[in-house]
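Report on the structure given below.
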Amino acid sequence: IVGKPGAGKSSIGSELAKLIGGTNLSLGGFMREVLQIPDPHIGIDKNIVYEELQKYLQEQKASDTLVLDCHPYPEDALKALQTFVHQPSVALWAVVHVQADDSVALNRLKKQVRPGQAVEDRLKYFNDNQHFIDMLMEYPLAIEVENNVDSDDARTIKKIAEEISRQL
């Protein structure tokens, strides 16, 4: 699951994982909480991160189905993601792009601010790198959904996850 910060990737991913019997994981959360990387967007070799993710999933005996939400940019992060999903042990079902208007995403981000984080800068960085999302949307099964409700309403999140699961 890809999309701008604050689009609702983690919320939708969590609900989707429940529906399809999978494991949900936010790559940014994994980097912060498991790998102890305070800012997962700056100067990190994502190839190493995906190697650590593979080990972590094996150690945790995670479900065979992984719903991964991530930011596939800049270019080295996109290449690392593509390398990860092209391993013999990984089969990519679909790329899901969760779209949200900047104003909606900004309101959500302001509710979850981490110390020292400029939310407007995160959105600008995403918008400047939108072409990497566009490249992923060329995969055979690419699904786009909108999440423009200005809250994390559980019913809306569930409906979006159900919409995605019907297309898988």
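The values are calculated or read from the model by the stated rules, or taken from the named source; none is laboratory data. Since the structure is predicted, the reported quantities are computational estimates derived from the model, not experimental observations. Here Cβ is always computed from backbone atoms with ideal geometry, including for glycine, and neighbour counts include all displayed protein chains. Side chains are part of the model used for accessible areas, which takes the heavy atoms of the whole protein and leaves out ligands, DNA and RNA. Shrake-Rupley method; radii C 1.70, N 1.55, O 1.52, S 1.80 Å.
For the range 32-48, which residues satisfy the criterion of being assigned to a helix (DSSP H, G or I) and in contact with a helix residue (DSSP H, G or I) (Cβ under 6 Å, 6 or more places away or on another chain)?
Selection gives LYS46, ASN47.
Would you check if ASP76 is open to solvent by 40 Å² or more (accessible area, probe 1.4 Å) and in contact with a helix residue (DSSP H, G or I) (Cβ under 8 Å, 6 or more places away or on another chain)?
Yes: the conditions hold for ASP76.
Can you tell me which residue in the range 147-168 is modelled with the lowest pLDDT, limited to those that are in a helix (DSSP H, G or I) and out of contact with any helix residue (DSSP H, G or I) (no Cβ under 7 Å at 6 or more places or on another chain)?
Per the stated criteria, the residue is ALA154.
Please work out which residue is surrounded by the most Cβ atoms within 10 Å (Cβ to Cβ), limiting yourself to the range 1-28 and to residues that are of a type in the set (Val, Ile, Thr) and in contact with a strand residue (DSSP E or B) (Cβ under 7 Å, 6 or more places away or on another chain).
Across the range 1-28, the extreme among qualifying residues is ILE12.
Starting from the range 16-29, take each residue that is at positive phi and touching a residue at least 24 places away in the same chain (Cβ under 8 Å) and list its partners that are open to solvent by 20 Å² or more (accessible area, probe 1.4 Å) and of a type outside the set (D, E, K, R), counting only C-beta distances under 8 angstrom and pairs at least six apart or across chains.
Every condition considered, the pairs that remain are GLY21/SER63; GLY21/THR65.
Restricting to the range 1-41, name every residue that is over 11 Å from the mean Cα position of the chain (by Cα) and among the charged types (D, E, K, R).
Matches in the range 1-41: GLU15, LYS18, ARG32, GLU33, ASP39.
Is it the case that the range 92-105 has a residue that's open to solvent by 50 Å² or more (accessible area, probe 1.4 Å), touching a helix residue (DSSP H, G or I) at 6+ places or on another chain (Cβ under 7 Å) and under 22 Å from ALA17 (Cα atoms)?
yes
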